[in-house]
Amino acid sequence: MRPAKKGGRFRALLRGMLLIVVVGLISTLLINLYVIRSAGKYIVPAEDIPGAPYGCALILGARVYASGSLSPMLEDRVLAGVELYRQGAVSWLLMSGDYSADRNYDEVGPMRDTAFSQGVPLKDIDTDPSGYSTYASMYRAKNVFAVDRMVVVTQDFHLYRAVYIARAMGIDAYGVAADRRDYKNQWYNCLRESLARVKDFFAVMIAE
């Protein structure tokens, strides 16, 4: 009888683990759908931003190569922000990204330099070198730079979470997608983003 009893316990444990996995997957799906639906109505083409100039364009950081050149994703974000500025949709640009003197790594400096090379005056560019995450970028935009209305600029897959966090924090935010080409590892980016939406969904809830 003992082997059968052990087998029954194993099957019960297996069913319990399977239930946890299923509940986790369903919860992840529902949270992603909620974030996407909540933020989606505020993601618009540049020409549909209401009441321009609409504060600043918050340009979120991404990888910068050792040479100092921007990765394709980051270059497209900066150029999309520059276009918003040229069109009068925003009055200034806020570059938010990672800076680490210890690692000799800087995202916001090259972002600023690229925008300046495209004709944006330095007086209309500000940088936040402590934007280590999307959540941190939104928090600091509101609490350090006193931003109450802005246009978030990043790729489409990232934009829903960014706009969701901003509006949950009380920032009157719209989003403009910076997709200008196909990017590498797109499936990985989307998978990673689906998990990040869950993380920041709960981070916003706890903060409230």
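The values are calculated or read from the model by the stated rules, or taken from the named source; none is laboratory data. Note that the structure is a prediction, hence the values are computed from the model and not measured. Glycine also receives a Cβ, built like all others from the backbone with ideal geometry; neighbour counts cover every protein chain displayed.
Of everything in the stretch 161-178 that's among the charged types (D, E, K, R) and part of a helix (DSSP H, G or I), which residue is nearest to the chain's Cα centre (by Cα)? Steps first, answer last, please.
Residues of the stretch 161-178 among the charged types (D, E, K, R): 161, 167, 172.
This time we only want the ones that are part of a helix (DSSP H, G or I), so: 161, 167.
On the way: ARG161: 6, ARG167: 13 Å.
Only one residue fits best here, namely ARG161.
Only a single item in (1) in a loop (DSSP other than H, G, I, E, B); (2) closer than 19 Å to MET95 by Cα is not met by TYR139, and it is number (1).
Taking the stretch 128-155 as the range and being of a type outside the set (A, V, I, L, M) and under 9 Å from the mean Cα position of the chain (by Cα) as the test, the residues that pass are SER133, THR134, TYR135, SER137, THR154, GLN155. All conditions but one from (1) touching a residue at least 60 places away in the same chain (Cβ under 8 Å); (2) part of a helix (DSSP H, G or I); (3) surrounded by fewer than 22 Cβ atoms within 10 Å (Cβ to Cβ) apply to HIS158; the one that does not is (3).
Could you go through the stretch 162-179 and let me know if any residue there is among the basic types (Lys, Arg) and at pLDDT below 95. Talk me through it step by step, then tell me what you get.
At the first step, the residues of the stretch 162-179 found to be among the basic types (Lys, Arg) are 167.
Retained after the next criterion (residues that are at pLDDT below 95): none.
Within the stretch 162-179 (the criterion being among the basic types (Lys, Arg) and at pLDDT below 95), the answer is no, since none of the residues qualifies.
Somewhere in the stretch 180-193, is a residue modelled with pLDDT of 95 or more, within 25 Å of PRO50 (Cα to Cα), of a type in the set (D, E, K, R) and part of a loop (DSSP other than H, G, I, E, B)? No, the stretch 180-193 contains no residue that is modelled with pLDDT of 95 or more, within 25 Å of PRO50 (Cα to Cα), of a type in the set (D, E, K, R) and part of a loop (DSSP other than H, G, I, E, B). Number of residues in the stretch 142-166 that are out of contact with any helix residue (DSSP H, G or I) (no Cβ under 7 Å at 6 or more places or on another chain) and either within 20 Å of LYS199 (Cα to Cα) or basic (Lys, Arg) (or both) equals 4. Between VAL90, VAL82, the distinction of being in contact with a Cys (Cβ under 6 Å, 6 or more places away or on another chain), surrounded by 10 or more Cβ atoms within 10 Å (Cβ to Cβ) and modelled with pLDDT of 95 or more belongs to VAL90 only. For first residues located in the stretch 187-208 and closer than 17 Å to ALA166 by Cβ and touching a residue at least 60 places away in the same chain (Cβ under 8 Å), partners that are among the basic types (Lys, Arg) and surrounded by 12 or more Cβ atoms within 10 Å (Cβ to Cβ) and lie 6+ apart or on another chain with Cβ distances below 8 Å form the pairs ALA196/ARG161; ARG197/ARG161; ASP200/ARG161.
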